[in-house]
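The values are calculated or read from the model by the stated rules, or taken from the named source; none is laboratory data. Every value quoted in this text rests on a predicted model; they were computed, and no experiment measured them. FYI the Cβ positions are ideal-geometry reconstructions off the backbone, even for glycines, and counts take in every protein chain you see. Surface areas here come from the heavy atoms of the whole protein model, side chains and all, with no ligands, DNA or RNA. Shrake-Rupley method; radii C 1.70, N 1.55, O 1.52, S 1.80 Å.
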Amino acid sequence: MKTHDVAITQLKLPSSGRVGRAKSISVDVSNSRYAETVQVALLSSVTGGGIEQVGQVTQGVPAPPVTRSPTVGMRDTVEAQTPPP
């Protein structure tokens, strides 16, 4: 039996954004036992309630020993939100 113990070690988000401009988001992950394939999904709230997936990255995470945690990166564009009626 394998233990899957991939962990998020750091999340880097922009402190601000402008409508129509893409910003980078990165997630550092670590793994203490086996090589794994991770999938990181970016979700956003939508007007009227609920959430939708706006990005996804699948990437390999090597088995230890690793000198630096791998980073999974993606870009997303800031969109204007219309206030609910």
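In the full protein assembly as shown, how much of residue 38 is accessible to a 1.4 Å probe, in Å² to the nearest 10?
Accessible area of residue 38: about 20 Å².
For segment 4-55, which trypsin sites (Lys or Arg not before Pro) are both in a DSSP coil and crowded by at most 16 other Cβ atoms within 10 Å?
Answer in residue order: 18, 21, 33.
Return the long-range amide H neighbours of residue 34 (sequence gap of 5 or more, or a different chain), with a cut-off of under 5 Å between placed amide H atoms.
Residues meeting the amide H criterion: 5.
Subtracting the Cα-Cα distance from 0.36 nm times the residue separation, let me have the gained length for residue 32 to residue 51 in nm, one decimal.
3.7 nm
Under 5 Å between amide H atoms, partner at least 5 residues away or on a different chain: which partners does residue 55 have, H built in plane at 1.01 Å?
Result for residue 55 returns 42.
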